[in-house]
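Each remark here refers to the structure printed beneath this line.
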Amino acid sequence: MIQLSNLVLPVGGNEAQLLRKAARKLNLSPRDIVEMTLLRQSVDARHKNDPRLICTVALTVRREEEVLRRCPQARPYAPTVYVQPQSRRKWDNPPVVVGMGPAGLFAALVLARGGAAPIVLERGRPVEQRTEDVARFWSTGSLDSASNVQFGEGGAGTFSDGKLTTGIRDPRIAMVMDTLVAHGAPEDIRWSHKPHIGTDVLRQVVVSIRRELQALGCRVCFEHQLTGVNQREGKLESIRVQGPGGPLELPCDTLILAPGHSARDTFRMLLAAGVPLEQKAFAVGVRIEHRQRDISLAQYGPRWDQLPPSDYKLACHLPNGRSAFTFCVCPGGQVVAAASEEGRLVTNGMSLRARDGENINGGLLVGVGPGDFGGSHPLAGMEYQMRLEEAAFAAGGGAFRAPAQLVGDFLDGLPSKGPAGVEPTYRPGVTWTDLRRCLPAPVADTLGQALPLLDGKLHGFAARDSVLTGTESRSSSPVRVLRGEDFQSALRGLYPCGEGAGYAGGITSAAVDGVKVAEAALAGTAV
């Protein structure tokens with residue numbers, strides 16, 4: 001096969017047009033192209049009156065060697081094929097996977113497909129019941145600390161946008177995408193420049209993956225929380241678990257721990273057990289919300305309504321030495337209540353597959369690190385995070401109402417009294433206030449300096465009627481569970497992985513990390 005890049009299509013262009021473009025570029029007849037596969041498609045909106053689609057394709061052509069010789073634009077292409085490893089060890093006890101976010105799900109899949117069907121423990125509930133629990137929380141403000149946006153089957157990403165964009169380069173990404181498509185994700189995640197599944201579709205994908213795990217012999221246990229690890233001479237011997245029927249102990253010498261970034265009690269337990277942890281930098285801030293139409297118009301120009309809803313990716317470095325950036329942008333989505341603990345308020349963003357809501361929202365964040373945390377304790381970043389969430393809860397007035405402020409008022413240093421054009425989507429509702437009541441001064445000052453600069457990059461980003469909703473505090477884990485090159489902790493047999501353990505930054509990278517850790521477990525010897 002050959003790869004051909006930079007094929008330009010008009011907005012609304014189709015496969016037949018793309019085939020003709022490819023043939024013309026190769027100086028071939030379309031009949032000489034046996035097969036064409038779209039590898040990548042993005043929007044070029046530099047010319048606002050004439051946005052275009054930029055495509056990369058893989059082609060099977062007649063006389064391939066001749067085409068490669070005479071066409072410098074063409075280059076050889078070989079699709080990435082994932083080779084499933086098989087277990088090389090005898091298992092005295094089945095491996096255990098803790099957590100059913102992307103890292104845990106993919107680690108369990110690789111183990112099961114490799115002949116080592118694990119026990120899978122998830123502290124939350126199945127996604128069907130979890131969806132009902134979350135909907136009840138959003139409508140009433142009544143939080144279930146065991147089943148919420150953070151805890152339950154699918155992990156925190158299940159109630160986001162199902163974004164699959166990643167900065168990593170790893171051949172396992174193709175395996176992750178292929179697996180998601182096989183379980184019901186849309187085909188376009190394979191070629192979209194910024195792939196997303198959508199929360200509604202992702203929930204179905206998660207259920208399908210669970211069913212494959214069970215068909216492969218995995219024992220999937222919901223409402224089972226890891227509460228302790230037992231060791232002998234530095235090696236994992238068994239784990240303690242709290243289940244619906246009470247506490248139990250499982251013999252275990254291989255534990256893949258994919259806890260998610262909100263498993264604060266798990267981090268405390270690991271530290272008490274002597275497992276090495278360290279602070280990790282992360283980012284905090286607010287959700288900013290605009291009308292989707294305004295952002296799409298600014299990005300694409302007058303033909304905005306002929307293209308999918310636009311998103312954005314913005315960043316700036318400030319004179320105070322800090323950086324501000326956008327994160328987890330949700331076109332046509334809503335700001336959601338993402339708390340997992342009483343008295344602590346957290347926001348996030350979510351979109352459905354259609355992305356057809358009136359507003360767009362994104363995290364507007366400032367990087368924070370050990371110098372902000374107030375101490376050298378491994379969990380100092382987590383404690384900092386908790387203080388922010390408590391301040392946000394208080395500023396919202398309780399009942400998980402979120403503090404909110406208009407961008408114009410934030411820049412003027414005035415508390416807001418109500419909306420002015422952009423209706424906030426956060427439920428169970430917002431309390432209009434001054435966000436400086438709940439944001440640390442360095443974070444608030446950085447946001448105030450950043451907004452006009454970011455508006456210079458995307459006109460209308462700092463529109464005065466846009467809404468800021470606080471607080472976004474769980475962009476990533478504030479903790480790293482240390483591991484070596486063999487993916488094991490100093491406690492041999494413990495394999496920390498995924499975003500919560502400090503080794504990923506989104507659905508795709510977390511899934512890839514789960515795959516890598518499972519490969520290491522399959523290849524290892526009993527500890």
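The values are calculated or read from the model by the stated rules, or taken from the named source; none is laboratory data. Since the model is a prediction, treat every value here as computed from it, not as a measurement. Here Cβ is always computed from backbone atoms with ideal geometry, including for glycine, and neighbour counts include all displayed protein chains. The area values use the complete protein model at the heavy-atom level, side chains included, leaving out ligands, DNA and RNA. Shrake-Rupley method; radii C 1.70, N 1.55, O 1.52, S 1.80 Å.
Quick notes
- Residues of segment 14-31 falling in the label zone of C71, defined by backbone nitrogen less than 17 Å from a point 7 Å along Cα to beta-carbon, are 15-31.
- A run of the chain free of exposed loop cleavage sites, with GluC sites (Glu not before Pro) counted only in DSSP states other than H, G, I, E and B and at most 15 other beta carbons within 10 Å, reaches its longest extent at 1-232.
- If R0 is taken as 30 Å, the Cβ-Cβ distance between T431 and E358 corresponds to a FRET efficiency of 0.90.
- Here K313 is the anchor, and the lysines within straight C-alpha reach of less than 24 Å, apart from those fewer than 8 places off in the same chain, are K48, K163, K194, K280, K457.
- Relative contact order of segment 266-392, defined on C-alpha pairs under 8 angstrom at six or more residues apart (%): 32
- Separation of the R232 and N6 label points, Cα + 7 Å toward Cβ, nm: 6.5
- The mean sequence separation of alpha-carbon pairs under 8 Å and at least six residues apart, normalised by the residue count of segment 307-354, gives a relative contact order of 29 percent.
- The shape of segment 19-80 comes out prolate: with a ≥ b ≥ c from the C-alpha gyration tensor, a/c is at least 1.5 and a/b beats b/c.
- Both radii are taken from the alpha-carbon atoms of the chain; with Rh as the Kirkwood radius, Rg/Rh is 0.99.
- Between E35 and A78, full extension at 0.36 nm per residue minus the direct alpha carbon distance yields a gain of 14.1 nm.
- Paramagnetic reach from R464 in segment 384-416 [backbone N under 19 Å; point 7 Å along Cα→Cβ]: 405-416
- Percent carbon-and-sulfur accessible area, the chain, ignoring ligands, DNA and RNA, probe 1.4 Å: 50
- Shape call, segment 316-439: gyration tensor on alpha carbons, a/c limit 1.5: rounded
- Spatially proximal aspartates and glutamates relative to K90 (Cα-Cα < 17 Å; intrachain offsets below 8 disregarded): E237, D253, E519
- Three-way shape label, segment 34-123, alpha-carbon gyration tensor, a/c 1.5: oblate
- Computed over the chain, relative contact order equals 19 percent, with contacts defined as Cα pairs under 8 Å that lie 6+ residues apart.
- For segment 208-285, accessible area per residue (1.4 Å probe, heavy atoms of protein chains only), Å²: 42
- Beta bridges by DSSP in the chain, antiparallel share as percent, to the nearest 5: 80
- Principal semi-axes in Å for segment 183-336 [√(5λ), Cα gyration tensor, largest first]: 41, 25, 13
- Nitroxide proxy distance, nm - points 7 Å out along Cα→Cβ at S42 and E128: 4.1
- Span from the segment 33-73 Cα centroid across to the segment 305-323 one, whole angstrom: 28
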